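What follows draws every value from the coordinates through simple rules; no lab data is involved. This structure is a prediction, so every number in the text was calculated from the model and none was measured. Every residue, glycine among them, receives a Cβ derived from its backbone with ideal geometry; neighbour counts consider all protein chains shown.
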Amino acid sequence: MATGFGIVGTGMISHFHAKAIQSLSGSRLVGCYNHNAAKAAAFAAEYGCRAFASADQMYRDPEISIVNICTPSGSHMDPAMAAAQAGRHVVVEKPLEISLERCDQIIRACDQHGVKLCTIFPSRFSPANIALREAIAAGRFGRLTLGDSYVKWWRTQEYYDGGGWRGTWALDGGGAYMNQAIHNVDLLYWLMGEVSEVCGFTGTLAHERIEVEDTGVACLKFACGALGVLEASTSAWPGLLKKTEIHGDRGTAIVEQDSILKWDFAEPLADDAEILKRCGAGSGSSGGASDPKAISFVGHQLQLQDFVEAIRDSRPPRVDGAEGRRSVEIILAIYESARTGRSVRLPLQTVSG
């Protein structure tokens, strides 16, 4: 029997989820829900699924075992918890939520009802980034010294004006860090390990009528002792490919989008040529540097495949709720530093709820 998916929220990102689900062997998109019935009907017609009259009706459909939450960032908690309470496994588009308290409520609900939870971070499934992480784990960089990531993107004023929720603290949870660069925040943590302290600056420099930052720079100190820089913007016209640079006292690697630009170690290995052939320049996509619709759904496909397999094999997914929470914590620490003008240590204190 095919694994049945349901999608809550039918905005832009839901189309990437739908295409990813349709590409999975042994899975199918059963239905969708949007509080705007016309939008749900249009989405259902496009992807050949059923538009449900209510979210609760969809959660309880026996053909659906996984629910994908694709609502605005600050409205992930309620549908995620409701799906978990209905016994459905839960996929949440990044960020998991916009506060640690709300993240924790989602995680607890899934734990209490015995369902699995994953947060969408497709950059972890890129062959170039996997090769990079494996090289770090193998000690090829020696002592890690610097871990830097840059997301210098461009978004038009119309992007913010047309979204309704974009650029608001209540539903976007932040700007260039929380919405766009969160993928690289997660990636840098995944590669370099825990962040112990941050110092950040943010500004709104190229857009009007938004509450949040379109430009940010943060300095990071990692628990391993290495330092780093994390830049995020939607103010850099025309938009550049995102880039991650990892340095140690025995190696350097640079990944732009999903292509390796530099792969240089004091002790070369025979496999290096094959890695560069497979993941070298030109192997990545243009990403969402200037157009949020320009990303590929392949990363979503690989992550959803892992989630289906995790359910089948009774193991944790590669990016569970706790992993999804970490990038939110780092970003909130950057925001706190920018607000107070002081460096902020992690972990942050949370209020149980």
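How high is the FRET efficiency between GLN349 and LYS39 when r is their beta carbon distance and R₀ equals 45 Å, given to the nearest 0.05?
0.70
Can you give me the distance in nm between label points at CYS219 and SER196, each placed 7 Å from the Cα along the Cα-to-Cβ direction?
Placing both labels 7 Å beyond Cα along the Cβ direction yields 1.6 nm.
Enumerate the aspartates and glutamates that LYS94 could reach by cross-link, defined here as Cα to Cα under 17 Å, with residues fewer than 8 away along the same chain left out.
Once the sequence-local aspartates and glutamates are set aside, what remains near LYS94 is ASP78, ASP104, ASP172, ASP186, ASP306, ASP320, GLU323, GLU329.
Dimensions of the chain along principal axes (Cα, Å, largest first)?
Here the Cα extents, ordered largest to smallest, are 58, 47, 40 Å.
With r as the distance between the Cβ atoms of GLU267 and ALA170 and R0 = 56 Å, compute the FRET efficiency 1/(1 + (r/R0)^6) and round to 0.05.
0.65
Roughly what angle does helix 182-192 make with the longest principal axis of the chain, taking Cα atoms, 0 to 90 degrees, to the nearest 10?
50
For the chain, give the share of DSSP beta bridges that are antiparallel, in percent and rounded to the nearest 5; count only bridges with both residues there.
60
Which FRET efficiency value, to the nearest 0.05, is calculated for SER314 and ARG60 with the Förster distance at 25 angstrom and r the Cβ-Cβ distance?
0.60
With charges only on Cβ, +1 for K and R and -1 for D and E, what is the dipole size of the stretch 70-207 about its Cα centre, in debye, rounded to 20?
In total the dipole reaches around 400 debye.
May I ask for the Kirkwood hydrodynamic radius of the stretch 3-115, worked out over all distinct Cα pairs and given in angstroms to one decimal?
It works out to 13.7 Å.
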